[in-house]
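Encoded as structure tokens, the structure appears first; notes follow it.
Please treat every number below as a calculation from the coordinates, not as lab data. This one's a predicted model, so the numbers in the text were calculated from it and none came from an experiment. Positions of Cβ are backbone-derived with ideal geometry, glycine not excepted, and every protein chain shown enters the neighbour counts.
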Amino acid sequence: MKRTWWKEAVIYQIYPRSFMDSNGDGIGDLKGITSRLDYLKYLGIDVIWLSPIYKSPNDDNGYDISDYRAIMDEFGTMEDFDELLNEAHKRGLRIVMDLVVNHTSDEHKWFMESRSSKDNACRDYYIWREGKDNSTPPNNWGSCFGGSAWEYDKTTNMYYLHLFSKKQPDLNWDNIEVRNNIFDMMTWWCEKGIDGFRMDVISMISKTKEMPDGEMTDFYGDCSPYCIHGPNIHKYLQEMNEKVLSKYDIMSVGETPGVTTELAKQYAGEDTHELNMVFHFELVDTHGKYGKWTDEKLPLTDLKKIMSHWQTELYGKAWNSLFWDNHDQPRAVSRFGDDTSGYREISAKMLATCLHMMQGTPYIYQGEELGMTNFPFQSMSDFRDIESINAYKEWCESGQVSQEAFWPCLLFRSRDNARTPMQWDDTPQAGFTCGSPWISINPNYTEINAKSETADPDSVFHYYKKLIALRKQNPVIVYGRYELLLSDSEELYVYTRTLDNEKLLVVCNFSGRETDFAIPDEFVGKACLISNAENTYDKADIILKPYEAFVLSNK
Ligand code: GLC
Ligand code: CA
């Protein structure tokens with residue numbers, strides 16, 4: 001297995017709108033990020049992934065880009081970006097940009113041209129089809145954000161495809177000019193000195209030419225067989241690799257809905273010349289009661305099965321990316337741990353142990369290192385996210401599901417849980433802004449914030465700092481082989497990592513109960529690398545505290 005910097009790195013995701021506001025308009029910005037680089041350096045991370053900062057009308061918070069070579073007005077200027085990149089590099093931190101090229105904004109100049117007439121030079125940059133008639137779209141596909149995936153455009157009396165909101169028209173990757181324009185734009189950013197790309201829904205860029213009706217789901221037809229891992233996907237990524245990625249010392253991670261381990265070996269194989277790694281969604285996007293909407297926790301045995309499958313299948317063949325949450329997911333501790341009953345800190349540390357000791361590159365989503373929690377939404381007016389708002393309309397206002405049944409699902413799964421501002425200190429607005437924030441601050445900021453946690457050696461923050469440092473000191477954590485023990489336990493997640501003669505034992509109690517455990521002989525009395533509980537590991541039979549986690553080394 002080749003050793004590379006991005007395999008050894010720990011990545012921190014910033015959602016710029018909610019990270020740090022420097023000018024009091026209530027919206028996080030680039031200068032805000034620059035002012036907090038020392039905090040990230042202190043935590044010990046290596047790479048920052050910035051969610052989109054490009055010019056955008058913000059229908060989907062920047063995932064709808066109207067100009068790829070300009071900065072969003074609210075986030076600052078290109079000078080601010082250059083300063084951020086420069087200050088990050090000075091501290092040895094790299095910057096990975098979000099690349100959103102499955103679609104643009106409908107306010108991008110290409111789309112404005114494209115929709116203007118059927119013979120415009122940019123017409124074919126997007127996906128246009130005749131409707132069955134003026135009020136019936138070309139087929140029954142639904143968009144990921146609700147409603148039809150087609151929007152009628154009266155200028156030319158045709159429909160355009162949008163797999164996300166109608167303000168996010170899908171680009172036509174089969175058009176070589178589109179591809180070349182995108183590759184040029186990527187090169188332009190690489191020449192500026194950025195360190196990589198996270199590629200938004202990149203598994204969806206190639207669509208089948210024939211667009212038949214999809215199998216009916218809740219409201220619309222399912223487009224995934226025709227839009228995910230489409231016919232030319234690998235060809236286009238290899239072309240991108242050849243023309244751009246391979247020319248720079250950068251990393252690439254694909255957001256690949258629908259990916260399996262088999263496909264990941266192609267997308268992110270050691271020798272396939274596409275991407276360095278991909279995000280899979282088998283763990284976080286399990287199907288719920290109402291589409292993705294659910295309030296149920298995944299049984300631990302299922303969680304272990306999924307994780308272990310990726311750990312073992314990819315080993316030596318492709319590279320894993322590890323994450324519990326991101327800007328599209330609820331907060332890790334609220335979803336997989338326990339944020340309610342005095343167990344928040346210990347369960348946040350347990351989750352961190354479980355993930356950071358695995359094989360792959362770990363991602364930390366802003367605030368996760370503080371054990372930030374889901375938000376106590378009171379009413380629909382608390383939400384800002386287009387997906388949550390549309391889902392409520394589609395499921396509840398239509399009368400399909402009762403408000404009582406849907407509300408807990410919205411609370412548990414809404415993307416806005418992750419988007420409330422970073423909690424810096426216990427002053428009003430959590431030190432995020434001196435104005436009024438674009439989305440509410442979680443009221444628990446007086447207790448959970450960076451200032452108090454950086455001052456407390458027992459905090460979740462210091463625990464993450466220690467985990468990151470351990471990864472740097474122990475190649476077995478990066479490169480070791482993974483093996484699951486006790487696969488049937490609904491309480492314990494136990495696994496080993498092995499590299500040459502070195503072996504680690506990782507034990508995590510996912511339950512809120514004391515649990516018996518027998519330490520395997522080879523680890524009894526051996527060195528403890530990290531533990532979130534006051535316990536001793538020098539005899540075989542121990543009783544684990546609720547949410548206890550520890551790591552022993554055979555050395
Ligand atoms: C990805 C992004 C998400 C966005 C969507 C459309 O899934 O992570 O935030 O809404 O793509 O760009
Ligand atoms: Ca601001």
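Summary table below
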| read-out | value |
| --- | --- |
| Value of Rg/Rh across the stretch 162-275 [Cα atoms, Kirkwood radius] | 0.99 |
| Cα centre as origin, Lys/Arg/Asp/Glu Cβ charges: the stretch 202-341 dipole, Debye | 200 |
| Sorted by Cβ neighbour density within 10 Å, fewest at the top, the residues HIS462, HIS327, HIS162 | HIS462, HIS327, HIS162 |
| Antiparallel content of DSSP bridges confined to the stretch 1-141, in %, to 5 | 25 |
| Rg and Dmax of the stretch 1-67, Cα atoms only, in Å | 14.4, 48 |
| When each of LYS209/LYS235; LYS304/LYS466; LYS472/LYS545; LYS192/LYS243; LYS7/LYS472; LYS317/LYS466 is checked by Cα-Cα distance, pairs over 19 Å | LYS304/LYS466; LYS472/LYS545; LYS317/LYS466 |
| CYS396, CYS227 arranged by Cβ crowding within 10 Å, fewest neighbours leading | CYS396, CYS227 |
| Relative contact order (percent, whole number), the chain, Cα cutoff 8 Å, 6+ residue spacing | 13 |
| Euclidean distance between Cα centres, the stretch 364-418 to the stretch 38-65, Å | 22 |
| Reach of LYS297 by Cα under 19 Å, taken over lysines that are not fewer than 8 positions away in the same chain | LYS289, LYS305, LYS349 |
| Cα-Cα pairs of the chain separated by more than 30 Å (percent) | 51 |
| Size of electric dipole in the chain: Cβ of Lys, Arg +1 and of Asp, Glu -1, about Cα centre, debye, nearest 20 | 1020 |
| Alpha-carbon centroids, the stretch 251-281 and the stretch 440-507: separation in whole Å | 24 |
| DSSP beta bridges in the stretch 173-297 [antiparallel fraction, %, rounded to 5] | 20 |
| Acute angle (nearest 10 degrees) that the helix 403-413 long axis makes with the longest principal axis of the chain, alpha-carbon atoms | 70 |
| Radius 15 Å from Cβ of ASP249, net charge of other residues (Lys, Arg +1; Asp, Glu -1) | +2 |
| Bridge type composition, the chain - antiparallel percent by DSSP, nearest 5 | 60 |
| Charge sum, other residues only, whose C-beta stays under 12 Å from TYR152's C-beta, Lys/Arg counted +1 and Asp/Glu -1 | +1 |
| Cut-off 9 Å between beta-carbons: net charge of the residues surrounding THR187, Lys and Arg +1, Asp and Glu -1 | 0 |
| The stretch 8-158: relative contact order in percent, alpha carbon pairs under 8 Å with at least 6 residues between | 17 |
| Between helix 233-243 and the chain: long-axis angle, C-alpha atoms, 0 to 90°, nearest 10 | 80 |
| Relative contact order [Cα under 8 Å, 6+ residues apart], the stretch 314-461, whole percent | 26 |
| Lysine pair number, Cα distance threshold 19 Å (strictly under), the stretch 11-159, separation 8 or more or different chains | 10 |
| Among 176-184, 477-485, the order from most to least packed when residues are scored by Cβ within 10 Å on average | 477-485, 176-184 |
| Unit charges at the beta carbon, dipole of the stretch 340-430: most positive-side option, SER341, LEU411, GLY360 | GLY360 |
| C-alpha long axis of helix 176-192 to longest principal axis of the chain, angle in ° | 50 |
| Burial ordering of SER117, SER321, fewest other beta-carbon atoms within 10 Å first | SER117, SER321 |
| Helix-only mean residue ellipticity at 222 nm for the chain, each DSSP H run of n ≥ 4 adding -39500 (n - 2.57), per residue, nearest 500 | -8000 deg cm²/dmol |
